[in-house]
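The values are calculated or read from the model by the stated rules, or taken from the named source; none is laboratory data. Computed from a predicted model, the values in this text were never measured in an experiment. Here the Cβ is made from the backbone with ideal geometry for all residues, glycine too, and neighbour counts use every protein chain on show.
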Amino acid sequence: MSWSVGAIPGRRHADRLLDCFHPCQDDRPTTSFVPSPEAIQASAAAPLQLEQALQLLAQSGRPVPAGEPGSPGWLQELIDALVDLSSRDALTGLANRRSFELALAREVDRVARSGEPALLLVLDVDHFKRVNDTFGHAAGDQVLRAVATALLDSVRPMDLVARIGGEEFAIILPNCPEPFGATVAERVRRRVERAPVLAGPAGQPIEVTISIGGAFAPQWVRSTPALWVERADQQLYRAKAQGRNLVQLEAGAVCFVSSEERQALFDTTFGFEDLE
């Protein structure tokens, strides 16, 4: 299905909607898009080719936007659906790594400005390679979907649950005070452990466990997403080294302040302005 320029009502408005997909020139993650003059000129002269976009929606099981095809409202719904689709992990439906990194950067900035607590949990499915080798990759996919469902069932709607690697997941928990961190992480661990997956035609049960590491974002301190993830990862390594199916959190909400963070206290060009 395609439409020529003359067949689309509100063409000028539609151009502005579609041009938002032209990203800024640098490669940094950003939440804003800037249409180039060349793109604006080219889109005014070329018909819209939307077959692939509609095929992507159909493949993902999403409905075609309602309304008059090609109208501004219809195009906006199409763009919104594609944006949401591009931010989701195809297998589990969770937020993907791109969405996670953007949310993490926003949360680091928020905690530095407001001083409110925030907890990052990183989780890894224990012995996942053994699951794939023993039961097959289809069963492995089933395990990942089951873990994703368990994670969503264990946290608040405001928390972001993401799949950030093969069998690795992450949860960002805004406004999570330190006394509640261990309780939340342990609830997540138990929820996964108590939900064995049935694999294959015979419904053979697979016992699934996860290891969890967690760290709080330093409050009132300019940090970076990379440092926050590194701290949580260190705790995940501890959980695995101590036998797996465990939770390990940093001892305190501000365990230490790194040299990079100390420097950022006096550096007015640290980079938070790029997120605004």
Of the conditions (1) within 24 Å of residue 62 (Cβ to Cβ); (2) crowded, with 20+ Cβ neighbours inside 10 Å, residue 102 satisfies every one except a single condition; which number is it? (2)
Those residues of the stretch 162-190 which are surrounded by fewer than 23 Cβ atoms within 10 Å (Cβ to Cβ) and among the hydrophobic types (A, V, I, L, M, F, W, C) amount to 164, 180, 182, 184
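Scan 147, 143, 122, 108 and give me the residue that is out of contact with any strand residue (DSSP E or B) (no Cβ under 7 Å at 6 or more places or on another chain) and closer than 26 Å to residue 173 by Cα.
On the way: 147 fails: out of contact with any strand residue (DSSP E or B) (no Cβ under 7 Å at 6 or more places or on another chain); 143 fails: out of contact with any strand residue (DSSP E or B) (no Cβ under 7 Å at 6 or more places or on another chain); 122 fails: out of contact with any strand residue (DSSP E or B) (no Cβ under 7 Å at 6 or more places or on another chain).
The match here is 108.
Looking at the stretch 239-251, is at least one residue part of a loop (DSSP other than H, G, I, E, B), among the small types (Gly, Ala, Ser), farther than 20 Å from residue 104 by Cβ and modelled with pLDDT under 95? Reasoning before the result, please.
So in the stretch 239-251, the residues part of a loop (DSSP other than H, G, I, E, B) come out as 242-246, 250-251.
Now drop any that are not among the small types (Gly, Ala, Ser), which leaves 243, 251.
Imposing the further condition that a residue be farther than 20 Å from residue 104 by Cβ reduces the set to 243, 251.
Now drop any that are not modelled with pLDDT under 95, which leaves 251.
Looking through the stretch 239-251, at least one residue is part of a loop (DSSP other than H, G, I, E, B), among the small types (Gly, Ala, Ser), farther than 20 Å from residue 104 by Cβ and modelled with pLDDT under 95.
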Output yes when any residue across the stretch 31-53 is at pLDDT 85 or above, part of a loop (DSSP other than H, G, I, E, B) and not assigned by TED's automatic domain parsing to the domain that holds residue 168, and no when none is. yes
Criterion (over 27 Å from residue 217 (Cα atoms), in the same structural domain as residue 218 (by TED's automatic domain parsing) and assigned to a helix (DSSP H, G or I)) met by exactly one of 153, 141: 141
Assess whether residue 72 counts as being in contact (Cβ under 8 Å) with a residue 24 or more places away in the chain and surrounded by fewer than 16 Cβ atoms within 10 Å (Cβ to Cβ). no
Considering only the stretch 231-252, how many residues are more than 12 Å from residue 210 (Cα to Cα), among the aliphatic types (A, V, I, L, M) and touching a residue at least 12 places away in the same chain (Cβ under 8 Å)? 2
Just checking, does the stretch 187-197 include any residue being assigned by TED's automatic domain parsing to the domain that holds residue 131 and part of a strand (DSSP E or B)? yes
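Of the residues that sit in the stretch 222-234 and are assigned to a helix (DSSP H, G or I), out of contact with any Leu (no Cβ under 6 Å at 6 or more places or on another chain) and not small (Gly, Ala, Ser), which one is farthest from residue 187 (Cα to Cα)? I'd like the intermediate steps shown before the answer.
Of the residues in the stretch 222-234, the ones assigned to a helix (DSSP H, G or I) are 225-234.
From what's left, out of contact with any Leu (no Cβ under 6 Å at 6 or more places or on another chain): 226-227, 229-231, 233-234.
Now drop any that are not not small (Gly, Ala, Ser), which leaves 227, 229-231, 233-234.
Values: 227: 25, 229: 21, 230: 23, 231: 21, 233: 19, 234: 21 Å.
The qualifying residue farthest from residue 187 (Cα to Cα) is 227.
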Do the conditions hold for residue 183, that is, is it without any contact (Cβ under 8 Å) to a residue 60 or more places away in the chain and within 13 Å of residue 208 (Cβ to Cβ)? no
